[in-house]
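The values are calculated or read from the model by the stated rules, or taken from the named source; none is laboratory data. Please read these numbers as outputs of a predicted model, since none were measured by experiment. Glycine also receives a Cβ, built like all others from the backbone with ideal geometry; neighbour counts cover every protein chain displayed. Calculation scope for accessible area: heavy atoms of the full protein, side chains included, ligands and nucleic acids excluded. Shrake-Rupley method; radii C 1.70, N 1.55, O 1.52, S 1.80 Å.
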Amino acid sequence: MAKSSIEWTESTWNPVTGCTKISAGCRHCYAERMAIRLQAMGQPAYAGGFELALHPEKLRQPLEWRKPSTIFVNSMSDLFHEDIPEEFIQDVFETMREASWHRFQILTKRADRLEDLSDSLEWPENVWMGVTVERQDYVTRVDRLRRTGARVKFLSCEPLLGPIPGLNLESIDWVIVGGESGPNSRPMDPAWVTDLRDQCLNVKVPFFFKQWGGRNKKRAGRDLEGDTWSQMPMPSPVPL
Ligand code: SF4
């Protein structure tokens, strides 16, 4: 199990690595930078760099991890990428169902394929399904997520690239917001963040503010108008 520095999870599991860019939020993809670094270090799983690669030998890993953990699935890829066979996705879900002592978090930008496959997937309580909504023009991903059978549904508005007014949060259990970090990161207007926080407060959806990101030099860390927002979906199916 790889420990994660991402604030809203504990560890990562990558039965698939590599991806292709499909969205504005992909421009400075962290997974791409990491994959190229790991390739240079000679890591066998990254022999092809950021090219999509399946790792069937890792499919059953979480069953070997006995200590309950919150696990981000495919932090180095997108589980609903068009080149990942449906049977492989089914195998990932089978492991998550069997490893019921863990909590799994999946995040995709391919909400169309997620919706298409949803009815053929079994959705256990310990699987949290999220879509990225980095800008207003991607809100249809939220509608697609809403139509899936996922028991816990969340949004990751990161890297937040514009305002998202009037977000429909019906049936959404959690919203994460964060600015872009790393080289050439794009700025995030604080008003976009406070508006999303207020929208969540209005309809009592847990809100998690992850970070300001690289370009907000005057604003550091996770402080938002004097508060740290680390709310999580409740009730939690698996204790932290
Ligand atoms: S979907 Fe995610 S992993 Fe794939 S290129 Fe975009 S940001 Fe990177």
Largest-first principal axis extents, alpha carbons of the chain, Å: 46, 39, 33
May I ask you to rank Glu94, Glu51 by accessible area, largest first, using a 1.4 Å probe over the protein chains only? Glu51, Glu94
Per-residue SASA entry for Arg141, accessible area with 1.4 Å probe, Å² rounded to 10: 20
Can you give the accessible area of Ile172 in Å² (nearest 10), computed on protein heavy atoms with a 1.4 Å probe? 10
Length gain on complete extension for the stretch Ser118 to Ile36, per 0.36 nm per residue less the alpha carbon to alpha carbon distance? 26.3 nm
Treating only Lys and Arg (+1) and Asp and Glu (-1) as charged, each at its beta carbon, one finds that region 85-127 has a dipole about its Cα centre, in Debye to the nearest 20, of 320
Just reorder Val203, Val131, Val139 by solvent-accessible area, largest first, 1.4 Å probe, all chains present. Val203, Val139, Val131
Taking all protein chains together and a probe of 1.4 Å, list Tyr30, Tyr46 from the most accessible to the least accessible. Tyr30, Tyr46
Residue-ordered couplings for region 172-184, obtained by feeding phi - 60° into the Karplus form 6.51 cos²θ - 1.76 cosθ + 1.60 and rounding to whole Hz (Gly and Pro as x), are 9, 9, 6, 10, 10, 10, x, x, 7, 10, x, x, 6
Karplus-derived HN-Hα couplings along region 80-91 (A = 6.51, B = -1.76, C = 1.60, θ = phi - 60°), whole Hz, x at Gly and Pro: 9, 4, 4, 8, 8, x, 4, 4, 5, 4, 4, 5
Checked region 1-54 against the a/c 1.5 cut and the a/b vs b/c comparison, axes a ≥ b ≥ c from its Cα gyration tensor; verdict oblate
Please list, in chain and number order, the residues 5+ apart from Trp212 or on another chain whose amide H is under 5 Å from its amide H, with Hs placed from the backbone. Gly179, Gly221
May I ask what percent, to the nearest 5, of DSSP beta bridges between residues of region 1-113 are antiparallel? 35
Using alpha carbon centroids, what distance separates region 1-77 and region 142-209, in Å? 23
As a test, work out the antiparallel percent of DSSP beta bridges whose residues both lie in the chain, rounded to the nearest 5. 20
Tell me, what is the per residue accessible area of the chain in Å², probe radius 1.4 Å? 46
Protein accessible area in the chain, 1.4 Å probe - carbon and sulfur %: 50
